[in-house]
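This report concerns only the one structure given below.
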Amino acid sequence: MDRFEYMEARLFEGENYLKRDKSVKIYDGDEKTQFTDGEVVLTTHRILWGKPGDIPRGLVCLSLHLYYIFCIEEESGGVFGLGGPKRIILHLGPALPGKRPGPVVGSTYHFIKFSFKDGVDQTFYRALTDAITIKAWENTAIPSPENSVLGSSNTPKSSTPINTKIRSGIVGIERSIEEQHKATDASISIAFQDLKKLMEKAKEMVTISKTISSKIREKQGDISEDDTVRFKSYLMSLGIDDPVTRDAYRSDSEYYMGLSQQISDMMVAVMMDCGGIMSLADVWCRVNRGRGLELISPEDLLNACKLLPNVGAPMSLRKFPSGACVLQLNSQRDEEVAKTTSAQIEENGSLTPEKLSQIENVSILLARERLFTAERHGLACRDESIEGLAFYPNLFLSQS
């Protein structure tokens, strides 16, 4: 905003009117300003902004010389950039020494935005682009700073040339931006090369996983049950080469049944390593990691988990009284969970959900539910205070 000047809305000698638009507000960088709902006029030399009716009457308005602008771009409006462009971003060079007074003495931004209520008029945008390209001001004298409109109501007559040092600074900025663009392009090219190598390596890993799978199925060699579980865990980390997709089934019910069976096959080894219980959010992350690009929605996961008993899975969906949904192995009974948690409480004197989470390497949500399970079975007592939630051994069971 410190490049704007207060000037009369009159054309210089050799300056011509190009385009006009209404309902325009000005941003200083990303910051809103008081200059809203104004009229903007584009000439061969400047951009004029004023309240509706002020510019036609030749009153004082904001004036921005086009030679300050070295780059323009459109900024799309709407959610995620959807919808037509609403703003024009003008990247500006440094202010000329001796510049006329303006609305701002100094600004930390080197760009401004014009926001158009009804969207950017493409004819206005093209006219602005052409004016900056043609640079008509280089063949016309520019009014000198000492003939400020604030001190005189007459149109300035004297002139001074554009400061060549400032123009060289602008050229330097343009070159710097161009170099940054080249560096960005090079980084993107390298990234895509790395991605290509990663995809090639992924194909090799899938081949290895198939070989290991066949070895496990055929039980070739001396592979123990522990090794089998460990191999299945590794295969889960490598991913699935044939994920269940909706378009392979005739109906949603068949798709959910197939997805349910695949979730059961994927998660059984993982859940055994995690203590037999896992939050539905963690299950969703694990399943999608294994599926690669064939991601499923949380709703699809929930519907598939509801059908786990129908496919004979060794796990089922469970909802705690708190509303938390988890996937739990059928062998993981509440009585055993309560006894194990109670023993840990007695061993540590007391436990909070956070501390149990660290001990068991589970989420705080699951640790909290385990402590509540022990409480529901009468094996722990809860203490809620300003210091937080803690659980203690139930001394009524051990002391008369």
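Checked against (1) under 32 Å from the mean Cα position of the chain (by Cα); (2) surrounded by fewer than 16 Cβ atoms within 10 Å (Cβ to Cβ); (3) not in a helix (DSSP H, G or I), Gly378 meets all criteria but (1).
Given the residues Leu302, Leu389, Leu295, which is the only one that is touching a Cys at 6+ places or on another chain (Cβ under 8 Å) and surrounded by fewer than 19 Cβ atoms within 10 Å (Cβ to Cβ)?
On the way: Leu389 fails: touching a Cys at 6+ places or on another chain (Cβ under 8 Å); Leu295 fails: touching a Cys at 6+ places or on another chain (Cβ under 8 Å).
None of the others qualify; the one that does is Leu302.
Among the conditions (1) at pLDDT below 85; (2) in a loop (DSSP other than H, G, I, E, B); (3) surrounded by 20 or more Cβ atoms within 10 Å (Cβ to Cβ), Met266 misses just one, which is (2).
Of the helices (runs of 4 or more DSSP H) that lie entirely inside segment 271-362, those containing 3 or more residues that are polar (S, T, N, Q) span 334-348.
Given the criteria buried (at least 16 other Cβ atoms within 10 Å of the Cβ) and among the polar types (S, T, N, Q), does Ser23 qualify? No: the conditions fail for Ser23.
Does Ala324 satisfy being within 30 Å of Ser260 (Cα to Cα) and modelled with pLDDT of 85 or more?
No.
Among residues that are part of a strand (DSSP E or B) and either of a type in the set (Phe, Trp, Tyr) or buried (at least 16 other Cβ atoms within 10 Å of the Cβ) (or both), Leu366 is not included. Once segment 325-350 is narrowed to residues that are surrounded by fewer than 17 Cβ atoms within 10 Å (Cβ to Cβ), small (Gly, Ala, Ser) and in contact with a strand residue (DSSP E or B) (Cβ under 8 Å, 6 or more places away or on another chain), the residue that is farthest from Arg368 (Cα to Cα) is Gly349.
The values are calculated or read from the model by the stated rules, or taken from the named source; none is laboratory data. As the structure is a computational prediction, the values presented were derived from the model and not from experiment. Cβ atoms come from the backbone with ideal geometry, glycine included; neighbour counts cover every protein chain shown.
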